[in-house]
Amino acid sequence: MAESVTSNIREPQPAPAKEARFSELAIAELEEIASHYPERKAACLPGLWIAQREYDGYLPPAAIQEVADRLGLSYSEVEGVATFYTMYNLRKRGRHHLEVCTCLTCAVKGAYEVVHKLEKELGVHVGGTTSDGEFTLSEAECLDFCGAATVMQVGDKYFTQLTPDNVKQVIDELRKSPDYTPAKLADSIVKTLLPGASETGGGSYSVEDLKNPAGPML
Amino acid sequence: MPDNRLTQTEASLNPAVTQMVNIKIDGIELQVPKGENIIESAKRAGVDIPYFCYHPRLSKGDAANCRMCLVDVFAPRRAPDGTVSLAKMPKPQASCTLPADEGMVIVTDSEAVVRDRKGVLEFLLINHPLDCPICDRGGECPLQNNAIFYGAATSRYTEEKRHFPKAYPLAENVVFDRERCIHCARCTRFTEDISGDAQLGFLKRGADMEVGTFEHTAYKSKFSGNVIELCPVGALLSRSYRFKARPWDLHSQRSVCSKCSNGCNIKIDYRLDSLQRINGRINEAVNEEWTCDKGKFGHSYVSSEARLKTPMLKTGGEWKAIDWTEALQILVGKLRDANGSVAGIGGQRCTNEDNFAFQKLFREVLKSNDIDSRVEGYLGSVNKPLYERFGYHAMGNAIAELEDMKTILVLGSQLVDEQPIIYLRVRKAYRFKGATVINAVSSVPEDSPKVGDFAQLELVYKPGTEAALLKGILSVLSAEKLASVNGFAKGYTLEKAAEETGVSAEAIQQAARLMATGKLAIIAGREVANHANHLEVVQAIGDLAEATGNAQNINLPGEDVNSQGAADMGVLPDFAPGYAPLENPGKNTAQILQAAADGSLKVLWVAGAKLLEKFPNRELAQAAFASDTFIVVNELTMTETAQAADLVLPAASFAEKEGTFTNCERRVQRIHKAFDISLEIKPDWLIFSEVATRMGGGGGSFFSARDILKAISAQVPAYAGLTAKSLGDEGVRWNYPDK
Amino acid sequence: MGFLRTLQNTADGAKALTTGARITMRHYMGQLLKTEPLQTVQYPEERREQFPRTRWRHVLTRYENGLEKCIGCSLCAGACPARCIYVEAAENTDEDRYSPGERYAVKYEINMLRCIFCGFCQDACPTGAIVLRKDFELADFTRKDFLYTKEMLLEGASVIPLTAVGTHKEAVK
């Protein structure tokens, strides 16, 4: 679920400042993707991925405005899209985004114990980011890998068969792992949308360094 | 290149339907156009299907949010052996997006449908606070009605409903109660389809879905009031009407908006003697059902405390309230003493009846032709700019005709401010009919909505260079042999035009090419009307229209509510009612003010014109008011002009009198009296008539507004045959006899 | 036959008269000798208890914490067959609070001359604010005095404003 920004705002807010952070390459990429569709509107999702890369791994209001301006859409429409999909980050994330599945099967297999252990281990609540900027912890809906519950998604990687006992190990591994920011994840997704990308995605980073600590991994 | 905020709807969504199909709804057989939504077909058959999100004027492709209009559908199915049998669709269908097809059988009252409706309503009411007693929509609420007619009596939902702050000030005039929203998307579709600013959208789609603006910014629109009427629950409410009255406390009167010359049909809802709110009234030819914010929220002056309730006389610099007998005595005395040295200005904000009585009083009783209704802009002969060449004065097209244009050129106009309803038609032509819009202005405002948001091409020229721009376009038409230009562009080249106007040569070329593609309408605005060389610009507009074969598609709409009617009624120095030329023309506004400033005018009567506020040459107006001329003003409140006068007479607003207005497309429409603020307030025609009677009658005495309308239809050829009855609710558009 | 019938009728009449007179005389003597109680209620010194569902003068009630129950919804005015209720509402603020929710009645007037005491307003009221109680002594001297304002109707109001002759009346509880 996208993070829920509580709507207890009582007065209209001033318009956020506009920025233009798209690099020339990013603009070229966006135009390339937009040229695949009959309407520019269709390039909204890729545009947001590019923005997520260009804006440091998340989508501040300025990023949404820039995508909307470049595609000729209204701001509220793009914000509606960005707030719907859970992989668009509306706030700054840690270097690793830990998304623990708490849907039925995982919950039965003790997902909440894993979450609580992680909260204790990291010193943040669900939705929070550690002060060193390493980890953001969230709950996720079904990750479609119930056979190996409890599952946790980190970027494009699944950690499976987690228990409160082995999560510490995962965190330690991740801490040591090479740079793996949401911006890089966004970049890898953008790459898959561009011509010449293979079906499985042409990530610009290697995830091979991460050793599987706890069972089979996708 | 302006950003195209919103794409046009695909033509496939608005197909020109010719084929008819046979369908059956609840046993009623009927023929409907193929592809028509079943909910509309059901309306034809008189079968009631409840709905919230469906709206005939909003795009239909993306409705079906509320699921209220579910029906059972049986469709013909061809078996492999060729036999056709009816098969029931396994699930109920949303009739608002279900296109009619041959042989369909629709059931709207089956047990399953009844049960489904109950279920849908139970869902919709899960988060609805049910605070109907304090909700302004209570009593006229589609959710209430449908819940009572189709809903279950109870709900199984016992958990906490979601809560938000009440009365969030979404826009200047609109408050938003998020709790009550049922997510029908009518308001979001309105901003996208109709007003064109697309500021409202669905955020956080899913369980937390809510309607909102981008990052909680204020919703700034010129048409925000319409979402209040569109909202099928009490989520979007008027800030000024909030908690003012319940629907059963109100009386309603049909009227016409007095804020601009578009003549929107409205309903005045009032309680006792105070105006509470304005709602749109359907008139397909004018405003369809929309209103602009100026019209919807701008009428608080009618019931304001500042209204004048007695005549006011200035003696020794002090204002003194006097009674009508005294006021009329003084006025008649002054008029007698003036012995013909009298002049009248104004009438554009008055009814046709007021204007007719005004000119009757001056021409037949006071024996003066020095009257003029025009306060700003071009003050020469009204026949000069267009009539002598094309046979019409202001608008060649009806408002509704603009929909059918291939290209629309908006020239020198902030259309959304000046002519909001024409703006909506232009937007409709663009959005639903595939028209191309070219916007040529000298300055582009920041705010949305505006024509520039969806114009294919925006030409921003240096102020005052309209004629050069048009000649540049003509020279391109001539050079590229797109039209026979007849030497209109003589002495002009593309480069010269580009240099003079500051518009790039390519843009002018593109504009010219777009204009040569088919039916072109030209809408000129304030910048043209107030242009120092008005005649030259209109000449160039005429050249362009004639060259492209659109001589009847020039539109120079007036701006005040009855600027058209005042001219029709002959409140002009050189024409009697019906544009009959006068042998000895009088003075126009500028000349009258000059005479007053010179001291050669004894009495000046200003009928509701804001001379000091609006007349371009302010020094002249001030000199006229400072002179010895006795100035009498009919006004609602103590405006700047009234403050500078000698005698102020309290006049009735449009809500307090009967009469007719003629809008910019020459549609004569009736207004009805809703209430009296005070018995001491008189409609303008009655003031003129009473003075005429005291001056010895003549043709200037009238008994009622209807009486005057009779005189008008007898005397003005274009208004011949118009009676209060024949005008009906939608008015009658008069046309030039030779057209 | 005719004579006999006349005689019979006369006898019947005389019997009926004496029967009636006997009852009257018995009570008369009883009252005179004080052997039976008085039947007449000695109004206004003495008042009879009214029936539970008697509907007379309206009262706008309050919650226990003193806030008004009326939310100014005007449903009473809508339900009123005599059109005698006029309500104007306004918005509560945290500083200036009259009722619990957003809305309260800033004006509440009942024209008692028009009221037919049908109780529909009480029926329609969603918060139970307006109730018809048993105080029936509503006579007054001028028509104007029958226009009951919110101040007069509100529970806990101490006095009814001046009447035409300048006397105060005890408020009804």
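The values are calculated or read from the model by the stated rules, or taken from the named source; none is laboratory data. All values reported here derive from a predicted model rather than from experimental measurement. Cβ coordinates were reconstructed from backbone atoms using ideal geometry, including for glycine residues, and neighbour counts include every protein chain displayed.
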I'd like to know if the stretch B:235-253 contains one or more residues that are aromatic (F, W, Y), within 25 Å of A:Q13 (Cα to Cα) and within 14 Å of chain A (Cβ to nearest Cβ).
no
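Residue-by-condition table, conditions (1) away from chain B (no Cβ under 14 Å); (2) closer than 25 Å to A:D179 by Cα:
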site	(1), (2)
A:E11	no, no
A:Y37	no, no
A:C44	no, no
A:W49	yes, yes
A:Y55	yes, yes
A:P60	no, yes
A:R93	yes, yes
A:E99	yes, yes
A:C103	yes, no
In this structure, is A:L25 in contact (Cβ under 8 Å) with a residue 12 or more places away in the chain and either within 14 Å of chain B (Cβ to nearest Cβ) or surrounded by fewer than 21 Cβ atoms within 10 Å (Cβ to Cβ) (or both)?
no
If A:Y158 satisfies every condition in (1) closer than 17 Å to A:R95 by Cβ; (2) at pLDDT 80 or above; (3) aromatic (F, W, Y) but one, which is the exception?
(1)
Restricted to the stretch B:78-108, and to residues that are loosely packed, with under 13 Cβ neighbours inside 10 Å and among the charged types (D, E, K, R), which residue is farthest from B:A63 (Cα to Cα)?
B:D81
Taking the condition within 28 Å of the chain's Cα centre (by Cα), crowded, with 22+ Cβ neighbours inside 10 Å and either more than 22 Å from B:M569 (Cβ to Cβ) or of a type in the set (A, V, I, L, M) (or both), does B:L636 pass?
yes
Take the residues in the stretch C:89-108 that are buried (at least 18 other Cβ atoms within 10 Å of the Cβ) and assigned to a strand (DSSP E or B); name whichever of them is farthest from the other protein chains (Cβ to nearest Cβ).
C:Y108
Given the structure, is C:Q50 surrounded by 10 or more Cβ atoms within 10 Å (Cβ to Cβ), within 17 Å of the chain's Cα centre (by Cα) and at pLDDT below 90?
yes
In the stretch B:177-213, how many residues are over 29 Å from the mean Cα position of the chain (by Cα) and acidic (D, E)?
3
Filter result (assigned to a loop (DSSP other than H, G, I, E, B) and of a type in the set (D, E)) within the stretch B:60-99:
B:D62, B:D81
I need a count of the residues in the stretch C:51-88 that are outside any loop (DSSP other than H, G, I, E, B) and away from every other protein chain (no Cβ under 11 Å).
5
So B:V571 passes all but one of these: (1) at pLDDT below 95; (2) over 20 Å from B:K406 (Cα atoms); (3) buried (at least 20 other Cβ atoms within 10 Å of the Cβ). Which condition number does it fail?
(1)
Which of the residues belonging to the stretch B:336-369 are in contact (Cβ under 8 Å) with a residue 60 or more places away in the chain, of a type in the set (D, E, K, R) and surrounded by fewer than 24 Cβ atoms within 10 Å (Cβ to Cβ)?
B:R336, B:D337, B:R363, B:E364
Scan the stretch B:128-147 for residues that are away from every other protein chain (no Cβ under 12 Å) and crowded, with 19+ Cβ neighbours inside 10 Å and jot them down.
B:H128, B:R137, B:C141, B:L143, B:Q144, B:N146, B:A147
Return yes when C:T40 is of a type in the set (V, I, T), surrounded by fewer than 12 Cβ atoms within 10 Å (Cβ to Cβ) and within 13 Å of chain B (Cβ to nearest Cβ) and no when it is not.
no
Select, from C:V41, C:V106, the only residue that is among the hydrophobic types (A, V, I, L, M, F, W, C) and either within 22 Å of the chain's Cα centre (by Cα) or outside the structural domain of C:K134 (by TED's automatic domain parsing) (or both).
C:V41
Which residue pairs have Cβ atoms under 7 Å apart, sit 6 or more places apart or on different chains, and have a first residue in the stretch B:95-111 that is in the same structural domain as B:I39 (by TED's automatic domain parsing) and a second that is of a type in the set (S, T, N, Q) and part of a strand (DSSP E or B)?
B:S95/B:N37; B:C96/B:N37; B:T97/B:N37; B:L98/B:N37; B:P99/B:N37; B:E102/B:N22; B:G103/B:N22
Tell me, please, whether a residue that is aromatic (F, W, Y) and in contact with a helix residue (DSSP H, G or I) (Cβ under 6 Å, 6 or more places away or on another chain) can be found in the stretch B:296-304.
no
Hey, among the residues in the stretch B:186-211 that are of a type in the set (A, V, I, L, M, F, W, C) and out of contact with any strand residue (DSSP E or B) (no Cβ under 7 Å at 6 or more places or on another chain), which one's farthest from B:A63 (Cα to Cα)?
B:A207
Candidate set: the stretch B:14-53, residues that are of a type in the set (G, A, S) and out of contact with any strand residue (DSSP E or B) (no Cβ under 7 Å at 6 or more places or on another chain); chosen: the one surrounded by the fewest Cβ atoms within 10 Å (Cβ to Cβ)
B:A16
Hits in the stretch B:352-374 - residues which are of a type outside the set (K, R) and more than 14 Å from B:P577 (Cβ to Cβ):
B:V365, B:L366, B:S368, B:D370, B:D372
Can you name every one of the helices (runs of 4 or more DSSP H) wholly within the stretch B:509-600 that holds 1 or more residues which are within 30 Å of B:D646 (Cα to Cα)?
B:563-568, B:589-598
Looking at the stretch B:263-271, can you tell me whether even one residue there is more than 14 Å from chain A (Cβ to nearest Cβ), at negative phi and either touching a Pro at 6+ places or on another chain (Cβ under 9 Å) or among the small types (G, A, S) (or both)?
yes
Looking across the stretch B:148-176 at residues that are over 40 Å from the mean Cα position of the chain (by Cα) and among the polar types (S, T, N, Q), the single one that is surrounded by the most Cβ atoms within 10 Å (Cβ to Cβ) is B:S155
